[in-house]
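J.: This is the structure, below, for whatever I ask next.
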Amino acid sequence: MCGIIGYIGKRQAASILMEGLTRMEYRGYDSAGLVVIDKNRAKFFKEKGRVAALKGKIAGQDLSGSLGIAHTRWATHGEPSERNAHPQCDCQGKIFVVHNGIIENYQALKDQLIQEGHKFASDTDTEVLAHLIEKQVTSDKEQVTSLAQAVREALKKITGAYGIAVVSSDDPDHIVAARFGSPLVLGIGQDELVIASDLTAILPLTSKVVYLDDGEMVTLNREKYTITDLENREKNHQAQNIDWTMEAAEKGGYEHFMLKEIMEQPQAVVNSIRGRLVEKEGTVKLGGLERANGRLNDLDRLVIVGMGTARNAGLVGEYMLEEYAGLPVEVEYASEFAYRKPLLTASTAVLAISQSGETADTIMALKEAKRKGILTLGIINVTGSTVARENDAGVYNHIGPEIAVASTKAFVSQVVILSLLSVYFGRRKDMSLVTGQRIINELEDLPEKIDCILDIAETIKPIAEKYKSAKHFFFLGRKYNFPVALEGALKLKEIAYVHAEGYNGAELKHGPIAMLDENFPVVIIIPTDSVYEKNINHIKEIKARGARVIAVATEGNEEIKKLVDDVIYIPKTLEMLTPILSVIPLQLFAYYMAVARGCDVDKPRNLAKSVTVE
Ligand code: AGP
């Protein structure tokens with residue numbers, strides 16, 4: 001997600017702001033900018049690309065001033081560019097806003113502001129805030145609205161998530177910041193204050209911090225800070241002393257990015273469904289598909305392409321879309337699709353799934369489909385990436401950067417978005433209102449159910465340690481959880497360097513079972529679902545060969561304990577959504593196995609986060 005920093009104090013702001021941006025680079029971003037207010041002058045620079053590019057741009061410029069804000073942007077609305085970089089400002093170039101989050105109702109607000117004569121300079125949702133604040137400040141000529149009051153009133157008009165900082169050249173002694181759904185921390189230094197989205201930007205200045213809560217805002221001046229809610233009721237928070245190292249701060253206190261991103265999965269689901277559920281109609285709205293609307297109505301076949309984890313998510317989508325949307329689907333390795341002779345018709349669409357949006361195999365497949373005039377769709381996390389730009393229409397994950405090489409929260413988000421597509425297409429066909437509502441309600445319950453699994457994460461650690469000397473594993477799943485077996489095996493291979501193969505449970509007796517003995521453990525995903533009894537049979541076949549079995553089962557299932565060696569429980573959910581829960585114990589199992597084996601969890605050998613070569 002974006003990085004925010006604001007400074008007011010005894011020192012020059014520019015160097016402190018730039019140092020803060022540098023410390024937040026690890027978060028992933030695509031552009032950067034800053035504004036310094038000096039008396040009533042605003043000195044404002046921004047640039048696409050790295051912080052170094054911004055540094056080059058401000059070299060030699062007069063950036064004197066002891067108050068300012070700065071930002072590294074992770075694009076959500078509006079592709080990476082200088083014009084879409086933050087700060088975003090109002091018509092007069094006096095009010096500057098940096099923002100982390102998503103304003104869901106920005107389009108309606110923007111349309112209204114344009115009608116009222118406001119001129120927009122970017123494609124971002126954030127710019128709407130600058131104009132709303134401007135409108136408040138200028139609305140009542142007699143009463144000079146304070147910057148804080150103008151921000152308060154503007155925030156009441158938006159829905160969505162925000163962490164913001166605001167300054168104005170008409171008010172050179174205040175910074176106003178506010179949060180709802182995106183983090184903001186206040187650093188309290190000696191005669192200086194710093195506000196940031198991330199501890200890494202604060203720790204070099206002070207270890208004394210105050211965390212803001214959702215719905216709160218803080219006004220900083222040169223003497224003090226005041227925290228209120230949006231009704232201007234004062235709030236008091238106890239300052240805390242943080243003794244983290246910089247590295248620990250980057251990982252939010254977790255030992256590895258992978259663990260941090262596993263723990264972020266409840267929020268990843270929230271971000272993936274935010275603003276997309278239309279519960280009363282039992283359907284979903286996916287704005288990014290509107291560009292292809294006319295062609296989606298005639299869709300009679302979908303080919304899903306991706307690599308690795310993205311393809312595994314696509315395999316879950318195949319079951320979903322066939323069962324709930326009656327849509328024939330086939331899932332292809334993108335690398336195969338690009339070089340085989342796929343039989344496509346005008347009513348076929350190709351859906352590319354890619355977290356990075358830069359996987360060469362997937363880009364090749366997408367270009368091949370476009371060359372044939374086929375409608376191309378995408379599920380992508382990185383805004384403005386090649387896959388995002390190449391496809392005709394798509395859906396963003398909105399889960400912020402995924403730093404660890406091993407993909408975790410992206411898989412969960414991809415499966416969530418595939419379930420949204422199942423409702424989207426299903427409700428255009430014969431999916432009932434009730435079924436649509438049932439899926440939507442269950443999606444809304446998922447973050448809490450994921451939390452239940454994460455709460456017992458530590459119990460998986462001894463299980464991983466118990467099996468850490470095993471050289472081989474099978475991962476088994478049926479139906480919706482067959483792709484999860486593939487994903488669990490991939491995780492163990494790529495971060496713990498342990499050989500593991502994922503199979504459809506029934507396939508075992510067609511050969512692989514010959515491998516089993518007491519040194520060849522098997523992980524089986526066995527939720528209480530339509531193929532539960534089949535999985536019980538597989539367990540009996542496996543135990544008869546002396547192999548140990550670890551089961552991922554639905555909580556409350558006592559029977560399973562008598563049949564296997566270890567059980568990891570997950571909450572009950574709709575069968576089609578179990579992959580979002582059943583994958584999490586497997587991610588944690590692989591993580592703890594890698595730690596037990598002393599592997600470099602975030603940067604496993606031989607691997608890159610994005611495979612940009614074929
Ligand atoms: C998954 O943990 C791996 N990092 C890898 O398989 C990855 O999923 C694959 O390279 C696809 O990446 P993409 O989603 O960025 O296209």
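The values are calculated or read from the model by the stated rules, or taken from the named source; none is laboratory data. These numbers come from a predicted model, not from an experiment. Counting neighbours? That spans all protein chains shown, and the Cβs are built from the backbone with ideal geometry, glycine included. With ligands, DNA and RNA removed, areas are computed over all heavy atoms of the protein, side chains included. Shrake-Rupley method; radii C 1.70, N 1.55, O 1.52, S 1.80 Å.
J.: Could you tell me which of V613, I513, L129 has its Cα farthest along the dipole of the chain towards the positive end, charges placed at Cβ (Lys, Arg +1; Asp, Glu -1), taken about the Cα centre?
T.: Positive-most Cα among the choices belongs to V613.
J.: Note down the relative contact order for the stretch 1-60 as a percent, whole number, built from C-alpha pairs under 8 angstrom at least six residues apart. Before the final figure, lay out each step's value.
T.: Details: 68 pairs, mean separation 16.3, N = 60.
Over the stretch 1-60, the number comes to 27 percent.
J.: Let me ask you something else. If the chain between H499 and T245 were fully stretched, how many nm would it gain, using 0.36 nm times the residue separation less the Cα-Cα distance?
T.: Values: separation 254, 0.36 × 254 = 91.44 nm, distance 3.49 nm.
Additional length available on full extension: 87.9 nm.
J.: Could you rank the peptides 463-474, 231-242, 127-138, 261-272 by their average count of other C-beta atoms within 10 Å per residue, with the highest value first? Each step should come with its number before you reach the end.
T.: Values: 463-474: 17.3, 231-242: 10.3, 127-138: 24.9, 261-272: 23.3.
My ranking of the peptides, most packed first, is 127-138, 261-272, 463-474, 231-242.
J.: Just list whichever of K48/K461; K493/K572; K466/K534 have alpha carbons separated by over 32 Å in the model shown. Walk me through the numbers on the way to the answer.
T.: Numbers: K48/K461 42 Å; K493/K572 28 Å; K466/K534 27 Å.
Exceeds cut-off: K48/K461.
J.: Same structure, new question: Using the basic label-point model (7 angstrom from Cα toward the beta carbon), what is the A470 to D565 distance in nanometres?
T.: Calculated label separation equals 0.6 nm.
J.: Could you tell me the relative contact order of the chain? Use alpha-carbon pairs under 8 Å, at least six residues apart, and round to a whole percent. Write down the numbers at each step before the final one.
T.: Working: 1393 pairs, mean separation 66.7, N = 614.
In percent, rounded to a whole number, it is 11.
J.: While we're looking at this one, here's another question. Each residue of the stretch 238-254 in turn: what ³J(HN,Hα) in whole Hz from Karplus with 6.51, -1.76, 1.60 and θ = phi - 60°, glycine and Pro shown as x?
T.: 6, 5, 10, 9, 9, 10, 6, 6, 4, 5, 4, 5, 4, 9, x, x, 7
J.: Relative to the compact-globule scaling 2.2 N^0.38 Å, provide the ratio for the alpha-carbon radius of gyration of the stretch 99-154. Don't jump to the answer; show the numbers that get you there.
T.: Details: Rg = 11.5 Å, N = 56, 2.2 N^0.38 = 10.2 Å.
Normalised Rg, Cα atoms only: 1.13.
J.: Return the distance in nm (one decimal) between the two label points of a simple spin-label model at A108 and R83, each offset 7 Å from Cα along Cα→Cβ.
T.: Computed distance between label sites A108 and R83 equals 2.7 nm.
J.: Additional query: Just the number: Rg to Rh for the stretch 496-552, Cα atoms, Kirkwood Rh, two decimals. Kindly include the intermediate steps, with their values, before the conclusion.
T.: Values: Rg = 11.1 Å, Rh = 11.8 Å.
On the Cα set of the stretch 496-552, Rg over Rh gives 0.95.
J.: Hey, another quick one. How far, in degrees from 0 to 90, does helix 409-426 lean away from the longest principal axis of the Cα atoms of the chain, to the nearest 10?
T.: The angle comes out at about 80 degrees.
J.: Right, another one. As a check on your grasp of the helix formula, calculate [θ] at 222 nm for the chain: sum -39500 (n - 2.57) over DSSP H runs of n ≥ 4, divide by the residue count, round to the nearest 500. Mind showing how you got there, number by number?
T.: On the way: 20 runs with 217 residues, N = 614.
Computed mean residue ellipticity for the chain: -10500 deg cm²/dmol.
J.: Here is a follow-up. Working out 0.36 nm times the residue gap between T612 and E116, then minus their Cα-Cα distance, what length gain in nm do you get to one decimal? Let's see the in-between values first.
T.: Numbers: separation 496, 0.36 × 496 = 178.56 nm, distance 4.59 nm.
Additional length available on full extension: 174.0 nm.
J.: On C-alpha positions alone, give me the angle between the axis of helix 126-139 and the longest principal axis of the chain, in degrees, nearest 10.
T.: Rounded to the nearest ten degrees, it is 30.
J.: Rounded to the nearest percent, how much of the accessible area of the chain (1.4 Å probe, protein heavy atoms only) is carbon and sulfur? Write out the running numbers ahead of the final one.
T.: Details: 11360 of 23240 Å².
With neighbouring chains kept in place, the figure for the chain is 49 percent.
J.: Over the alpha carbons of the stretch 170-265, what is the largest minus smallest coordinate on each principal axis, giving the biggest first in Å?
T.: Computed over the Cα atoms, the extents are 43, 29, 27 Å.
J.: Say each of K509 and V278 gets a label point 7 Å from the Cα, pointing the same way as Cα to Cβ; how far apart are those two points in nm?
T.: 4.8 nm
J.: Quick one: putting +1 on the C-beta of Lys and Arg, -1 on the C-beta of Asp and Glu, what dipole do you get for the stretch 224-370 around its Cα centre, in Debye to the nearest 20? Spell out each step's value before the answer.
T.: On the way: 17 positive and 23 negative charges, 91 e Å.
Dipole magnitude for the stretch 224-370 comes out near 440 debye.
J.: So, one more: If each residue of separation counts as 0.36 nm, what is the full-extension length gain between N221 and E330 once their alpha-carbon separation is subtracted?
T.: This chain segment gains 33.3 nm when fully extended.
J.: Would you mind checking the pairs K372/K491; K10/K110; K156/K285 and listing those with alpha carbons more than 26 angstrom apart?
T.: Working: K372/K491 35 Å; K10/K110 38 Å; K156/K285 24 Å.
With Cα atoms farther than 26 Å apart: K372/K491; K10/K110.
J.: Next question, about the same structure. Placing unit charges on C-beta atoms (Lys and Arg positive, Asp and Glu negative, everything else neutral), compute the dipole magnitude of the chain about its Cα centre in debye, rounded to 20. Could you put the intermediate results ahead of the total?
T.: Working: 72 positive and 82 negative charges, 212 e Å.
The calculation lands at about 1020 debye.
J.: Which order do peptides 576-588, 15-27, 445-457 fall in by mean Cβ count within 10 Å, highest first?
T.: Working: 576-588: 27.1, 15-27: 20.5, 445-457: 16.8.
Order by mean packing, descending: 576-588, 15-27, 445-457.
J.: Okay, next question. Once all Cα-Cα distances of the stretch 301-409 are split into 10 Å bins that start at 0, what whole-number percent is in each one?
T.: 16, 52, 29, 4
J.: Give me the mean projected area, in nm² to one decimal, of the convex hull enclosing the Cα positions of the stretch 465-573. Before the final figure, lay out the partial values.
T.: Values: hull surface 25.5 nm².
Its Cα hull, projected and averaged over all orientations, spans 6.4 nm².
J.: Tell me, what is a quarter of the convex hull surface for the C-alpha atoms of the chain, in nm² with one decimal? Walk me through the numbers before you get to the answer.
T.: Values: hull surface 114.5 nm².
Mean projected area of the Cα convex hull: 28.6 nm².
J.: Place +1 on the Cβ of every Lys and Arg and -1 on the Cβ of every Asp and Glu in the stretch 386-504, take the dipole about the Cα centre, and give the residue among S407, M431, L476 whose Cα lies farthest towards its positive end.
T.: Towards the positive end, the residue furthest out is L476.
J.: Solvent-accessible area per residue for the chain at a 1.4 Å probe radius, Å²? List each step's numbers first, then the result.
T.: Values: 23240 Å² over 614 residues.
Heavy-atom accessible area per residue stands at 38 Å².
J.: Separate question: Work out Dmax and Rg for the stretch 529-600 from the C-alpha atoms and quote the Rg first, both in angstrom.
T.: Reported Rg and Dmax, both Å: 13.6, 39.
J.: Further question on the same structure: Once amide H atoms are built 1.01 Å from N in the peptide plane, which residues 5 or more positions from F475, or in another chain, come under 5 Å H to H?
T.: Sorted by chain and number, the residues that satisfy this are E501, G502, Y503, V523.
J.: Mind checking the dipole of the stretch 87-138: about its Cα centre, +1 per Lys or Arg Cβ, -1 per Asp or Glu Cβ, Debye to the nearest 20? If you can, show how the numbers build up before the last one.
T.: Working: 4 positive and 8 negative charges, 37 e Å.
For the stretch 87-138, the charge dipole is close to 180 debye.
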